[in-house]
Amino acid sequence: MAVATLLLIMLPLLGGCLRARVTMGISGDDRVTGEIILATQRGVQAPTLTAPRTIASRVSVSPYNQDGYAGSQVFFSDLSFAELRQLTALTGLSAGQYRLGLHRSGGTVTLEGSVDLSTLRTEGADVQLRVNFPGNVTSTNGIRDGESGVRWQFPAGEVSVVQATADYADPGTRGYQSWLLIITLVLLGASAAVVVMARKARDHSWRTGRESN
């Protein structure tokens, strides 16, 4: 499953000091919760962010004002990979400068993409991404935060590549695994009952034989 860019929201801010921070955590059910901070200083106007109607109940936008930066703070929760794509509608922008996607292959989830800040001035840029997976990160080109977290600090004036792979069970297979476990327990229970009945029958036959003697 692909996830469109989260960092596209930075496009209108390339002319000034920028703070763009994306933090997200992925649950074992492939649901995503996180925060986006988008702010500028030096009088550069940050865009007004509005949550897409289809996910508005799980996205909230509030003003952000800290350390001389002013803009918006976005909280989102319990989004599917597909719904996460809709966050790009916060500003209605799309372009090739930012590409970020999540996709699953069996028990492996891969985050990959690129961030093009080649047109951003080097002074005052604070652009970063933090991701926490529900399983161990097996490979990444970012900075590890423990066994399951990764972060990237994107330098202005450059094109950066994002890559991380984590292993955890596909939630789509858990129903089958639960069903298989139930069937296994039922079969074991049935087998145990047969053994108990056989022993009782044998004991009864042995006692009947002794009484007849």
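Between a residue in segment 134-146 that is open to solvent by 60 Å² or more (accessible area, probe 1.4 Å) and any residue that is acidic (Asp, Glu), which pairs come within a Cβ distance under 8 Å, given they are 6 or more apart or on different chains?
Partner pairs satisfying both residue conditions: Asn136/Glu147; Asn136/Asp167; Thr138/Asp167.
Among residues belonging to segment 71-85 that are farther than 16 Å from Asp30 by Cα and open to solvent by 30 Å² or more (accessible area, probe 1.4 Å), point out the one that is farthest from the chain's Cα centre (by Cα).
Initially, segment 71-85 is screened for residues farther than 16 Å from Asp30 by Cα, giving 71-75.
Next cut, open to solvent by 30 Å² or more (accessible area, probe 1.4 Å) only: 73, 75.
Details: Gln73: 19, Phe75: 14 Å.
Filtering segment 71-85 for residues that are farther than 16 Å from Asp30 by Cα and open to solvent by 30 Å² or more (accessible area, probe 1.4 Å), the one farthest from the chain's Cα centre (by Cα) comes out as Gln73.
May I ask you to verify whether Ile55 is out of contact with any Ser or Thr (no Cβ under 7 Å at 6 or more places or on another chain), modelled with pLDDT of 85 or more and either of a type in the set (Asp, Glu) or outside any strand (DSSP E or B) (or both)?
The answer is yes for Ile55.
Of all residues in segment 107-153, how many are within 29 Å of Gln41 (Cα to Cα) and among the β-branched types (Val, Ile, Thr)?
Result for segment 107-153: 7.
State whether the residues of segment 87-100 include one that is under 27 Å from Thr165 (Cα atoms), loosely packed, with under 15 Cβ neighbours inside 10 Å and modelled with pLDDT of 85 or more.
No, there is no match, as no residue in segment 87-100 is under 27 Å from Thr165 (Cα atoms), loosely packed, with under 15 Cβ neighbours inside 10 Å and modelled with pLDDT of 85 or more.
The values are calculated or read from the model by the stated rules, or taken from the named source; none is laboratory data. Fair warning: this is a prediction, and the values are worked out from it, not measured in the lab. Backbone-built Cβ (ideal geometry, glycine too); neighbour counts: all protein chains shown. Surface areas here come from the heavy atoms of the whole protein model, side chains and all, with no ligands, DNA or RNA. Shrake-Rupley method; radii C 1.70, N 1.55, O 1.52, S 1.80 Å.
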